[in-house]
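Asker: Okay, here's the structure, questions in a sec.
The values are calculated or read from the model by the stated rules, or taken from the named source; none is laboratory data. Model, not experiment: these values are computed from the prediction. Neighbour counts are summed over all protein chains in view; Cβ atoms, including those assigned to glycine, are modelled from backbone coordinates with ideal geometry.
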Amino acid sequence: MSEKTYSVICGTGKYIPTKIIPNDAFLGNHFTDASGQTFTQSNIDIIEKFEQITTISQRRYADDNMGTSDLGWLAAEDALKSSEVNREELDYIIFAHNFGELKHGNTGVDILPSLAARVKKKLNIVNPNTVAYDLPFGCPGWLQAMIQADYYIKSGDAHNVLVIGADILSRISDPHDRDSMIYADGAGATLLTSQKSNIPTGILAHKTRSDTLEHSEMLFMGNSYLPENGTKEGVYLKMYGRKLYQYALNHVPGAIQACLHKSGIPLSEIKKVLIHQANGKMDDAILNRLYKLEGDLSVPVDVMPMTISWLGNSSVATVPTLLDLILKNELDGHQIEKGDKIIFASVGAGMNINAMVYQA
């Protein structure tokens, strides 16, 4: 086999906020429906039902003195530390996020300068040829940035690319919307480098789809369900949860299957499925449907590591954080060894779905 250029992960990092928010922190919230009507169920019942559906028992929130770029910067420093890459030799820094630089008490849009530019400055990188830009692509943003990095590397335009995913969802969460209990804060980062090889390694295939015609508004920004004095309009993350669940179940397994077929790797050879931590029960349903599509295979017990129960849904940060935890032996019962084949997959606002097959 002739030698080819592959994109290989050479470093990973994360920042997990230290502020732990358990479910009982929401017992005092005044939850309502979209029309502002108070639910007849008690908050205890609402929270118990929420945990049954999502598997979330706690989540992490950023400290008040930190912005989104701070989280991304700390994850980037962690990734650089775990690699042998000189930061001055980075060709690109791609920062995936959805809400810009969210600061405590300020939910206004702040994307100037880009978060990638802010991180480049925090990293003290002098090299003007390190191109820094942002990618808003819903929850699949980190994975889509990895796909873009792969194109840069395989085209010969780049040798080292730093990909960051970070969001602070707690600051755009409506306290009167029970769905807001899903959201969390965090950051993950990955370093991709080019590697010549006679055998396939690193990123083997990827697949992306966008279903905008009918599904683009399943996640959107809207008003608080119970406006109060000082409440800002149109700045809270909203979703049609049941429709989103069904959309993901209908389309994510097929997108992953298409990526697998593109790679030529059978599902039976996949060691781990690292999927966006959106909803524990939903991810289980997606996995089961994927294995059913591929000949009704039995699902390996340890194939899909999960963090949502204790980290919540931190949007673009969930998958890179999960990857870093495994590679650094910080997630009990899960390891990734040299040669293991992995699937990355995500779904989110847009609606967008992407998947990637990777060989360690």
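Asker: Kindly establish whether ASN279 is farther than 21 Å from GLU51 by Cβ and of a type in the set (S, T, N, Q). If you could, list the steps in order and put the result at the bottom.
Answerer: Working: farther than 21 Å from GLU51 by Cβ: no; of a type in the set (S, T, N, Q): yes.
Against the criterion (farther than 21 Å from GLU51 by Cβ and of a type in the set (S, T, N, Q)), ASN279 does not qualify.
Asker: Pairs, please: C-beta under 6 Å, at least 6 apart or cross-chain, first residue surrounded by 15 or more Cβ atoms within 10 Å (Cβ to Cβ) and in the stretch 247-266, second of a type in the set (Gly, Ala, Ser) and not in a helix (DSSP H, G or I)?
Answerer: These pairs meet every condition: ALA255/ALA355; ILE256/ALA345; ILE256/ALA355; CYS259/ALA205; CYS259/ALA355; SER263/ALA205.
Asker: Separate question: In the set LYS14, LYS19, which member is closer than 27 Å to GLY67 by Cα, touching a Gly at 6+ places or on another chain (Cβ under 8 Å) and not β-branched (Val, Ile, Thr)?
Answerer: Details: LYS19 fails: touching a Gly at 6+ places or on another chain (Cβ under 8 Å).
Only one candidate passes the filter, namely LYS14.
Asker: Now for a different question. When the residues of the stretch 267-286 are narrowed to those that are closer than 22 Å to ILE199 by Cα and among the charged types (D, E, K, R), which ends up surrounded by the most Cβ atoms within 10 Å (Cβ to Cβ)?
Answerer: From the stretch 267-286, those closer than 22 Å to ILE199 by Cα are 267-272; that's our starting set.
Within this subset, residues satisfying the condition of being among the charged types (D, E, K, R) are 269, 271-272.
Numbers: GLU269: 12, LYS271: 18, LYS272: 23.
Applying the filter and picking the extreme gives LYS272.
Asker: Now for a separate question. I need the helices (runs of 4 or more DSSP H) fully contained in the stretch 62-179, keeping only those with at least 1 residues that are in contact (Cβ under 8 Å) with a residue 60 or more places away in the chain. Reasoning before the result, please.
Answerer: On the way: elements: 68-81, 115-122, 141-155.
So the answer is 68-81, 141-155.
Asker: Which residues, counting only those in the stretch 38-61, are closer than 21 Å to GLY28 by Cβ and either part of a loop (DSSP other than H, G, I, E, B) or under 19 Å from the mean Cα position of the chain (by Cα) (or both)?
Answerer: Those that are closer than 21 Å to GLY28 by Cβ and either part of a loop (DSSP other than H, G, I, E, B) or under 19 Å from the mean Cα position of the chain (by Cα) (or both): PHE39, THR40, GLN41, SER42, THR54, ILE56, SER57, GLN58, ARG59, ARG60, TYR61.
Asker: Next question, about the same structure. Of the residues that make up the stretch 229-238, is at least one small (Gly, Ala, Ser), over 28 Å from ILE9 (Cβ atoms) and part of a strand (DSSP E or B)?
Answerer: Here is the first cut: in the stretch 229-238, the residues small (Gly, Ala, Ser) are 230, 234.
Within this subset, residues satisfying the condition of being over 28 Å from ILE9 (Cβ atoms) are 230, 234.
Narrowing the set further to residues that are part of a strand (DSSP E or B) leaves none.
Among the residues of the stretch 229-238, not one is small (Gly, Ala, Ser), over 28 Å from ILE9 (Cβ atoms) and part of a strand (DSSP E or B), which makes the answer no.
Asker: Can you report the number of residues in the stretch 153-172 which are of a type in the set (Ser, Thr, Tyr) and surrounded by 21 or more Cβ atoms within 10 Å (Cβ to Cβ)? Reasoning before the result, please.
Answerer: Our first condition is that a residue be of a type in the set (Ser, Thr, Tyr); within the stretch 153-172, this holds for 155, 170.
Cutting the leftovers down to surrounded by 21 or more Cβ atoms within 10 Å (Cβ to Cβ) gives us 170.
So the count comes out to 1.
Asker: Still on this structure, please answer the following. Give me a count of the residues in the stretch 315-347 that are in contact with a Gly (Cβ under 8 Å, 6 or more places away or on another chain) and on the phi > 0 side of the Ramachandran plot.
Answerer: Total meeting the criteria: 1.
Asker: Okay, moving on. Determine which single condition PRO200 fails, assuming it passes every other condition in (1) assigned to a strand (DSSP E or B); (2) touching a helix residue (DSSP H, G or I) at 6+ places or on another chain (Cβ under 9 Å); (3) within 25 Å of GLY264 (Cα to Cα).
Answerer: With (1) assigned to a strand (DSSP E or B); (2) touching a helix residue (DSSP H, G or I) at 6+ places or on another chain (Cβ under 9 Å); (3) within 25 Å of GLY264 (Cα to Cα) applied to PRO200, the lone miss is (1).
Asker: Let me ask you something else. Would you point out the residue of the stretch 337-360, among those that are touching a strand residue (DSSP E or B) at 6+ places or on another chain (Cβ under 6 Å) and assigned to a loop (DSSP other than H, G, I, E, B), that is farthest from GLU217 (Cα to Cα)?
Answerer: Here the residue is ASP340.
Asker: Considering (1) more than 16 Å from the chain's Cα centre (by Cα); (2) closer than 27 Å to ILE94 by Cα; (3) of a type in the set (Phe, Trp, Tyr), say which one TYR240 fails and leave the rest.
Answerer: Result: TYR240 passes all but (2).
Asker: Does the stretch 251-267 include one or more residues that are under 20 Å from the mean Cα position of the chain (by Cα), of a type outside the set (Ser, Thr, Tyr) and not in a helix (DSSP H, G or I)?
Answerer: No.
Asker: GLY312 is checked against (1) out of contact with any Lys or Arg (no Cβ under 7 Å at 6 or more places or on another chain); (2) modelled with pLDDT of 95 or more; (3) at positive phi and fails just one. What number does that condition carry?
Answerer: With respect to (1) out of contact with any Lys or Arg (no Cβ under 7 Å at 6 or more places or on another chain); (2) modelled with pLDDT of 95 or more; (3) at positive phi, GLY312 is out only on (1).
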